[in-house]
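The values are calculated or read from the model by the stated rules, or taken from the named source; none is laboratory data. If you're wondering where the values come from, they're calculated on a predicted model, not measured in any experiment. Here the Cβ positions follow ideal geometry from the backbone for every residue, glycine too, while neighbour counts run over all protein chains shown.
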Amino acid sequence: MHLDLPLLLRVTLYSSVALLICLVLRRALRAWLGAISAYALWAAVPLAVLAACMPRPPIATALPKMPALVAMPLTLQGNEHVWAGQLLAIWLSGAVSIAVALWWRQRKFVRSLGVLHVLDGGVWAATHDVGLPVSLGIWRPRIVLPMDFDTRYTAAERSLILAHERLHLHRGDLYANLLAALLLCIGWCNPLMHLAWRAFRLDQELACDADVLTRYPGKRRSYATAMLKTQCGAAWMPTTCHWNAPHALTQRVAALLGPAVDVPRARWNLRLVVVLAVMVSGACWAFQPAQLQGRHVPGNALDFHTMQPPKYPPDAVAAGLAGFVELQIAVSPTGMPEHIAIVRSTPAGVFDQSVLDTARHCRFTPALENGKAIASEVRVPVRFELDPPDVAPAPADMDADTDAAGMQRTAAQSERVASCVSAGCAPRGTSR
């Protein structure tokens with residue numbers, strides 16, 4: 001796998017489909033299957049990106065063994081590569097800019113906490129309260145509490161808050177946020193990615209709330225009171241889990257009023273949504289075209305000895321023109337040419353009809369795979385070259401008949417056509 005424009009477009013398309021599915025179904029799934037299942041649906045987005053990057057199993061292709069080959073490089077259109085490179089440069093600069101901005105916001109937030117004091121059990125106390133409590137840290141995950149944590153909250157509220165933050169660490173939500181930030185950098189030019197990022201973070205908190213209340217079913221009032229006592233931070237940080245994230249307080253408190261989902265049903269619902277996410281990514285993976293993988297098979301897709309050379313056009317002989325035509329021929333398992341296309345012709349249009357007329361009557365030896373004839377494609381170059389002129393001087397006393405005979409011999413020699421050489425053949429074949 002390498003970075004190219006088609007890959008980037010495929011990633012954008014597949015991720016957009018997954019994002020639309022998540023944005024449309026998240027509220028319905030939350031009401032029907034619970035907040036935990038709605039949060040699990042977001043797994044379809046990275047799975048869709050992974051499906052876009054993973055090619056399908058290659059289709060077996062036949063590469064018939066040809067006679068001595070001479071490479072003929074194909075001319076590439078420079079303009080296409082220029083604008084494709086420019087688009088990739090713009091995308092890369094935007095991705096780097098978003099990554100730097102997210103890193104700067106995270107670093108600024110951590111610095112705003114001031115000096116951190118170690119408490120116990122992976123819990124730290126911050127000097128300044130800027131939207132605490134919070135769980136943060138990729139290499140060293142930890143829970144950061146405000147200095148007045150013991151006096152601001154009751155014992156029941158403190159246990160609920162710590163259970164919430166520890167659940168974030170246990171479920172690996174910090175790493176999920178890091179993955180979401182990475183996807184945001186990759187899809188920075190996709191408006192759906194920015195919209196889905198906030199929705200994902202809200203669903204993450206709602207799922208954590210639902211999981212905590214499943215373990216403490218009689219603590220809804222204390223849980224809501226603890227939310228109302230917490231000061232909101234300035235914004236969501238890329239790789240943190242805020243106890244009281246901005247713009248989410250109303251929805252989180254409202255979710256506490258809904259009916260709780262029992263544990264056995266929640267587990268089945270979670271499995272159902274995971275299967276749905278895998279199906280979405282699998283559909284994206286199956287949608288992309290398979291890659292061709294060449295391998296040699298016995299047989300010769302084209303027998304040059306049975307191919308009659310085309311006639312040299314009389315106009316080209318009179319004008320002293322030499323030329324070159326390259327054909328791409330689709331050969332059926334019976335050896336008949338199914339489709340003939342002109343890949344390149346120099347001079348354009350001079351020798352095309354002569355070569356096409358000859359190629360339509362050619363018979364090919366089909367390629368074999370496991371002893372069975374298969375369809376294949378082959379590129380056939382044809383050169384037209386005039387014989388060098390005779391340099392021997394004619395006698396001064398040569399009569400008109402002798403001159404006429406010499407001209408006939410020259411014309412006869414010019415009618416000889418360059419055989420269909422094998423230089424530059426680039427055979428390709430597809431099993432059927």
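Scanning segment 345-357 for residues that are in a strand (DSSP E or B), modelled with pLDDT of 75 or more and among the small types (Gly, Ala, Ser) turns up at least one hit. Consider segment 183-204 and keep the residues that are under 23 Å from the mean Cα position of the chain (by Cα) and closer than 16 Å to CYS241 by Cα. The one that is modelled with the lowest pLDDT is TRP197. Restrict the check to segment 292-304 and report whether at least one residue is surrounded by fewer than 19 Cβ atoms within 10 Å (Cβ to Cβ), in a helix (DSSP H, G or I) and modelled with pLDDT under 60. Checking segment 292-304: at least one residue is surrounded by fewer than 19 Cβ atoms within 10 Å (Cβ to Cβ), in a helix (DSSP H, G or I) and modelled with pLDDT under 60. Is it true that some residue in segment 391-409 is assigned to a loop (DSSP other than H, G, I, E, B), of a type in the set (Ser, Thr, Tyr) and modelled with pLDDT under 65? Scanning segment 391-409 turns up no residue that is assigned to a loop (DSSP other than H, G, I, E, B), of a type in the set (Ser, Thr, Tyr) and modelled with pLDDT under 65.
If you check GLY172, GLY131 for being at pLDDT below 90 and either touching a strand residue (DSSP E or B) at 6+ places or on another chain (Cβ under 9 Å) or not aliphatic (A, V, I, L, M) (or both), only one passes: GLY131.
Cβ-Cβ distances below 6 Å connect the following pairs, each with a first residue in segment 139-159 that is under 25 Å from THR239 (Cβ atoms) and among the charged types (D, E, K, R), a second residue that is assigned to a loop (DSSP other than H, G, I, E, B) and at pLDDT below 90, and a separation of six or more residues or different chains: ARG142/GLY122.
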